[in-house]
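Inspection log for the structure reproduced underneath, given as C-alpha coordinates.
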Amino acid sequence: MGLSFQDGGEHYDRVRPGYPQDALQWLLPEGAGTAADIGAGTGKFTALLLERRLDVVAVDPSADMLHQLRKSHPSVTAVEGTAEATGLADSTFDVVSVAQAWHWCDPIAASAEIARILRPQGVLGLVWNQLDTSVPWVHRLSRIMHAGDVHKPGFRPVIGPQFDGLESHLTMWEDRVTPADIMELTKSRSYYLRAGAATRAKVMANLEWYLYEHLGHRREETLPLPYLTHSWRAHKLDSTRPL
(Lines give C-alpha, C1' and ligand atoms only; values in the text may rest on other atoms or scores of the structure.)
Protein backbone atom coordinates (compact mmCIF):
# COMPACT_ATOMS: atom_id res chain seq x y z
CA MET A 1 0.00 0.00 0.00
CA GLY A 2 2.87 2.35 0.70
CA LEU A 3 3.85 2.16 -2.98
CA SER A 4 0.67 4.13 -3.74
CA PHE A 5 2.52 7.29 -2.69
CA GLN A 6 5.64 6.84 -4.83
CA ASP A 7 4.31 9.35 -7.37
CA GLY A 8 2.02 12.35 -7.28
CA GLY A 9 4.05 14.56 -4.96
CA GLU A 10 2.71 17.83 -6.37
CA HIS A 11 -0.91 16.73 -5.97
CA TYR A 12 -0.32 15.37 -2.46
CA ASP A 13 1.35 18.60 -1.37
CA ARG A 14 -1.47 20.70 -2.79
CA VAL A 15 -4.43 18.83 -1.28
CA ARG A 16 -3.24 17.36 2.02
CA PRO A 17 -3.61 19.51 5.15
CA GLY A 18 -0.70 20.68 7.27
CA TYR A 19 -0.38 20.12 11.01
CA PRO A 20 -1.26 22.36 13.96
CA GLN A 21 1.57 24.11 15.80
CA ASP A 22 0.16 22.75 19.04
CA ALA A 23 1.16 19.20 18.07
CA LEU A 24 4.82 20.12 17.55
CA GLN A 25 4.92 22.36 20.61
CA TRP A 26 3.82 19.42 22.76
CA LEU A 27 6.24 16.80 21.48
CA LEU A 28 9.35 18.96 20.98
CA PRO A 29 11.91 18.53 23.79
CA GLU A 30 13.22 21.66 25.47
CA GLY A 31 16.39 22.96 23.87
CA ALA A 32 16.09 20.78 20.76
CA GLY A 33 18.26 21.92 17.88
CA THR A 34 18.26 18.99 15.46
CA ALA A 35 15.45 16.92 13.97
CA ALA A 36 14.98 14.09 11.51
CA ASP A 37 11.56 13.96 9.84
CA ILE A 38 11.03 10.36 8.70
CA GLY A 39 8.42 9.61 6.06
CA ALA A 40 8.55 13.33 5.39
CA GLY A 41 6.66 13.13 2.12
CA THR A 42 6.36 16.59 0.62
CA GLY A 43 7.35 18.28 3.89
CA LYS A 44 4.06 19.03 5.63
CA PHE A 45 5.49 18.38 9.11
CA THR A 46 9.00 19.41 8.06
CA ALA A 47 7.63 22.92 7.60
CA LEU A 48 6.71 23.13 11.30
CA LEU A 49 10.18 21.99 12.34
CA LEU A 50 11.74 24.65 10.15
CA GLU A 51 9.52 27.34 11.65
CA ARG A 52 11.11 26.46 15.01
CA ARG A 53 14.56 27.03 13.43
CA LEU A 54 15.68 23.44 13.90
CA ASP A 55 18.40 21.89 11.76
CA VAL A 56 16.27 19.36 9.85
CA VAL A 57 17.00 16.29 7.74
CA ALA A 58 13.99 14.91 5.82
CA VAL A 59 13.86 11.22 4.89
CA ASP A 60 11.38 9.52 2.54
CA PRO A 61 11.47 6.49 0.21
CA SER A 62 9.80 8.39 -2.64
CA ALA A 63 12.02 10.45 -4.94
CA ASP A 64 8.93 12.20 -6.29
CA MET A 65 7.80 13.29 -2.83
CA LEU A 66 11.30 14.51 -1.97
CA HIS A 67 11.48 16.46 -5.24
CA GLN A 68 8.40 18.39 -4.14
CA LEU A 69 9.84 18.85 -0.62
CA ARG A 70 13.07 20.31 -2.04
CA LYS A 71 11.06 22.76 -4.16
CA SER A 72 9.14 23.97 -1.11
CA HIS A 73 12.07 23.85 1.35
CA PRO A 74 15.36 24.17 -0.56
CA SER A 75 17.41 24.63 2.61
CA VAL A 76 16.51 21.18 3.98
CA THR A 77 18.77 18.17 3.58
CA ALA A 78 16.47 15.58 1.97
CA VAL A 79 17.55 11.97 1.49
CA GLU A 80 15.93 8.78 0.26
CA GLY A 81 15.52 6.21 2.99
CA THR A 82 13.03 4.47 5.25
CA ALA A 83 12.28 4.41 8.95
CA GLU A 84 13.97 1.02 9.12
CA ALA A 85 17.08 2.19 7.22
CA THR A 86 17.57 5.95 7.30
CA GLY A 87 21.26 5.98 6.37
CA LEU A 88 21.81 8.76 8.95
CA ALA A 89 24.63 8.97 11.50
CA ASP A 90 24.46 7.62 15.05
CA SER A 91 23.35 9.84 17.94
CA THR A 92 22.73 12.91 15.78
CA PHE A 93 19.21 14.17 16.52
CA ASP A 94 17.30 15.57 19.48
CA VAL A 95 13.94 14.59 18.01
CA VAL A 96 12.75 12.24 15.29
CA SER A 97 9.27 12.82 13.94
CA VAL A 98 7.13 10.42 11.92
CA ALA A 99 3.98 12.17 10.72
CA GLN A 100 1.26 10.24 8.90
CA ALA A 101 3.67 7.37 8.22
CA TRP A 102 4.20 5.08 11.23
CA HIS A 103 1.46 2.72 10.02
CA TRP A 104 3.58 2.07 6.90
CA CYS A 105 6.59 1.02 9.01
CA ASP A 106 7.76 -2.11 10.76
CA PRO A 107 7.52 -0.54 14.25
CA ILE A 108 10.12 -2.76 15.91
CA ALA A 109 12.76 -2.36 13.21
CA ALA A 110 11.96 1.35 12.86
CA SER A 111 12.24 1.88 16.62
CA ALA A 112 15.71 0.32 16.66
CA GLU A 113 16.85 2.51 13.77
CA ILE A 114 15.41 5.70 15.24
CA ALA A 115 16.96 4.95 18.64
CA ARG A 116 20.30 4.61 16.85
CA ILE A 117 20.15 8.10 15.30
CA LEU A 118 18.72 9.81 18.40
CA ARG A 119 20.90 11.36 21.05
CA PRO A 120 20.55 10.15 24.66
CA GLN A 121 17.09 11.06 26.00
CA GLY A 122 16.03 12.10 22.51
CA VAL A 123 12.33 12.08 21.64
CA LEU A 124 10.42 9.97 19.15
CA GLY A 125 7.30 11.83 17.98
CA LEU A 126 4.48 10.09 16.10
CA VAL A 127 1.74 12.23 14.59
CA TRP A 128 -1.49 11.53 12.71
CA ASN A 129 -4.04 13.88 11.18
CA GLN A 130 -7.48 12.28 11.09
CA LEU A 131 -10.92 13.41 10.11
CA ASP A 132 -12.99 14.03 13.24
CA THR A 133 -15.54 11.26 12.80
CA SER A 134 -17.32 12.22 16.03
CA VAL A 135 -19.04 14.81 13.80
CA PRO A 136 -21.88 12.90 12.06
CA TRP A 137 -21.51 14.39 8.57
CA VAL A 138 -17.73 13.81 8.69
CA HIS A 139 -18.22 10.21 9.80
CA ARG A 140 -20.31 9.51 6.71
CA LEU A 141 -17.84 11.42 4.55
CA SER A 142 -14.95 9.28 5.85
CA ARG A 143 -16.83 6.13 4.88
CA ILE A 144 -17.49 7.39 1.36
CA MET A 145 -13.83 8.42 1.05
CA HIS A 146 -12.67 5.09 2.52
CA ALA A 147 -10.51 7.03 4.97
CA GLY A 148 -9.04 3.94 6.57
CA ASP A 149 -6.52 5.78 8.75
CA VAL A 150 -9.11 6.81 11.36
CA HIS A 151 -7.96 5.16 14.58
CA LYS A 152 -10.30 3.13 16.73
CA PRO A 153 -10.87 4.19 20.36
CA GLY A 154 -8.03 3.01 22.56
CA PHE A 155 -5.47 3.02 19.75
CA ARG A 156 -1.88 3.00 20.98
CA PRO A 157 1.03 2.82 18.54
CA VAL A 158 3.52 -0.03 18.85
CA ILE A 159 7.07 1.07 19.61
CA GLY A 160 10.21 -0.89 20.44
CA PRO A 161 11.82 -1.47 23.86
CA GLN A 162 14.38 1.28 23.17
CA PHE A 163 11.75 3.86 24.26
CA ASP A 164 9.91 4.61 27.48
CA GLY A 165 7.08 6.77 28.79
CA LEU A 166 4.76 6.80 25.77
CA GLU A 167 2.34 9.73 26.15
CA SER A 168 -0.43 11.07 23.91
CA HIS A 169 -1.86 14.47 23.08
CA LEU A 170 -4.94 15.46 21.06
CA THR A 171 -5.45 18.65 19.06
CA MET A 172 -8.84 19.57 17.60
CA TRP A 173 -8.84 21.97 14.65
CA GLU A 174 -10.53 22.76 11.33
CA ASP A 175 -9.25 23.04 7.79
CA ARG A 176 -11.07 25.54 5.54
CA VAL A 177 -11.85 23.75 2.28
CA THR A 178 -14.28 23.75 -0.64
CA PRO A 179 -16.22 20.65 -1.76
CA ALA A 180 -13.82 20.48 -4.71
CA ASP A 181 -10.92 20.36 -2.23
CA ILE A 182 -12.54 17.37 -0.52
CA MET A 183 -12.86 15.61 -3.88
CA GLU A 184 -9.15 16.17 -4.54
CA LEU A 185 -8.24 15.11 -1.00
CA THR A 186 -9.99 11.80 -1.65
CA LYS A 187 -7.83 11.28 -4.74
CA SER A 188 -4.69 11.47 -2.56
CA ARG A 189 -5.69 8.54 -0.35
CA SER A 190 -4.29 5.03 -0.70
CA TYR A 191 -7.69 3.37 -1.32
CA TYR A 192 -8.39 5.61 -4.30
CA LEU A 193 -4.84 5.39 -5.65
CA ARG A 194 -4.91 1.58 -5.61
CA ALA A 195 -8.43 1.27 -7.03
CA GLY A 196 -9.43 0.57 -10.62
CA ALA A 197 -11.24 3.02 -12.86
CA ALA A 198 -14.73 1.71 -12.00
CA THR A 199 -14.16 1.99 -8.24
CA ARG A 200 -12.69 5.48 -8.59
CA ALA A 201 -15.69 6.62 -10.62
CA LYS A 202 -18.07 5.20 -8.01
CA VAL A 203 -16.26 7.01 -5.17
CA MET A 204 -16.38 10.32 -7.04
CA ALA A 205 -20.07 9.88 -7.91
CA ASN A 206 -20.92 9.12 -4.28
CA LEU A 207 -19.02 12.23 -3.14
CA GLU A 208 -20.78 14.38 -5.75
CA TRP A 209 -24.14 13.20 -4.45
CA TYR A 210 -23.23 13.55 -0.77
CA LEU A 211 -21.62 16.99 -0.90
CA TYR A 212 -23.83 18.72 -3.46
CA GLU A 213 -27.20 16.97 -3.32
CA HIS A 214 -27.50 15.51 0.17
CA LEU A 215 -25.64 18.22 2.13
CA GLY A 216 -26.54 20.97 -0.35
CA HIS A 217 -23.15 22.67 -0.53
CA ARG A 218 -22.33 25.01 -3.40
CA ARG A 219 -19.21 24.24 -5.43
CA GLU A 220 -17.49 27.49 -4.49
CA GLU A 221 -18.54 27.36 -0.84
CA THR A 222 -15.87 27.26 1.87
CA LEU A 223 -16.63 25.00 4.82
CA PRO A 224 -14.77 23.91 7.97
CA LEU A 225 -13.58 20.31 7.80
CA PRO A 226 -12.99 19.09 11.39
CA TYR A 227 -9.74 17.27 12.15
CA LEU A 228 -8.12 15.60 15.12
CA THR A 229 -4.34 15.45 15.36
CA HIS A 230 -3.12 12.59 17.55
CA SER A 231 0.44 13.07 18.79
CA TRP A 232 2.53 10.53 20.69
CA ARG A 233 5.96 10.96 22.24
CA ALA A 234 8.43 8.65 23.95
CA HIS A 235 11.98 9.17 25.20
CA LYS A 236 14.95 7.08 24.22
CA LEU A 237 16.10 4.94 27.12
CA ASP A 238 19.57 5.37 28.53
CA SER A 239 21.64 2.61 26.89
CA THR A 240 23.21 1.80 30.25
CA ARG A 241 19.82 0.87 31.71
CA PRO A 242 18.53 -2.69 31.28
CA LEU A 243 15.64 -2.95 28.79
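Every test in (1) modelled with pLDDT of 95 or more; (2) farther than 28 Å from Thr178 by Cα; (3) more than 12 Å from the chain's Cα centre (by Cα) is passed by Leu24 save one, and that test is (2).
Can you tell me which condition His103 does not meet? The list is (1) closer than 29 Å to Glu174 by Cα; (2) in contact with a strand residue (DSSP E or B) (Cβ under 6 Å, 6 or more places away or on another chain); (3) open to solvent by 30 Å² or more (accessible area, probe 1.4 Å); (4) not aromatic (Phe, Trp, Tyr), and all the others hold. His103 satisfies every listed condition except (2). Could you tell me whether Arg219 is basic (Lys, Arg), surrounded by 12 or more Cβ atoms within 10 Å (Cβ to Cβ), farther than 22 Å from Gly125 by Cα and over 22 Å from the mean Cα position of the chain (by Cα)? In short, no.
Taking the residues in region 178-216 that are under 23 Å from the mean Cα position of the chain (by Cα) and not in a helix (DSSP H, G or I) as candidates, determine which candidate is modelled with the highest pLDDT. Within region 178-216, the match that is modelled with the highest pLDDT is Thr178. The residue list Lys202, Lys152, Lys187 contains one member that is among the charged types (D, E, K, R) and open to solvent by less than 80 Å² (accessible area, probe 1.4 Å), which is Lys187.
So which residues in region 42-51 are surrounded by fewer than 24 Cβ atoms within 10 Å (Cβ to Cβ) and either assigned to a strand (DSSP E or B) or in contact with a Lys or Arg (Cβ under 8 Å, 6 or more places away or on another chain) (or both)? Step through it out loud before you land on a result.
At the first step, the residues of region 42-51 found to be surrounded by fewer than 24 Cβ atoms within 10 Å (Cβ to Cβ) are 44, 47, 50-51.
Lys44 - this is the single residue of region 42-51 that is surrounded by fewer than 24 Cβ atoms within 10 Å (Cβ to Cβ) and either assigned to a strand (DSSP E or B) or in contact with a Lys or Arg (Cβ under 8 Å, 6 or more places away or on another chain) (or both).
Starting from residues that are hydrophobic (A, V, I, L, M, F, W, C) and open to solvent by less than 40 Å² (accessible area, probe 1.4 Å), keep the ones in region 160-184 and report whichever is nearest to Asp238 (Cα to Cα).
First, the residues of region 160-184 that are hydrophobic (A, V, I, L, M, F, W, C): 163, 166, 170, 172-173, 177, 180, 182-183.
Of the ones still in play, those that are also open to solvent by less than 40 Å² (accessible area, probe 1.4 Å) are 163, 166, 177, 182-183.
Values: Phe163: 9, Leu166: 15, Val177: 45, Ile182: 45, Met183: 47 Å.
Restricting to residues being hydrophobic (A, V, I, L, M, F, W, C) and open to solvent by less than 40 Å² (accessible area, probe 1.4 Å), the top hit is Phe163.
Working only within region 198-230, note down all residues that are of a type in the set (Phe, Trp, Tyr) and more than 30 Å from Ala23 (Cβ to Cβ). First the steps, then the outcome.
Going residue by residue through region 198-230, those that are of a type in the set (Phe, Trp, Tyr) are 209-210, 212, 227.
Scanning region 198-230 gives Trp209, Tyr212.
In region 141-177, which residue that is of a type in the set (Gly, Ala, Ser) and closer than 24 Å to Ile108 by Cα is farthest from the chain's Cα centre (by Cα)? Step through it out loud before you land on a result.
Restricting attention to region 141-177, the residues satisfying the condition of being of a type in the set (Gly, Ala, Ser) are 142, 147-148, 154, 160, 165, 168.
From the residues that got through so far, the ones that are closer than 24 Å to Ile108 by Cα too are 148, 154, 160, 165, 168.
Details: Gly148: 14, Gly154: 19, Gly160: 20, Gly165: 22, Ser168: 15 Å.
Top of the filtered list is Gly165.
The values are calculated or read from the model by the stated rules, or taken from the named source; none is laboratory data. Just so it is clear, the model here is predicted, and its values are computed rather than measured. A quick note on method: Cβ atoms are made from the backbone with ideal geometry, for glycine too, and the neighbour counts reach across all protein chains shown. Accessible surface areas use protein heavy atoms only, side chains included; no ligands, DNA or RNA. Shrake-Rupley method; radii C 1.70, N 1.55, O 1.52, S 1.80 Å.
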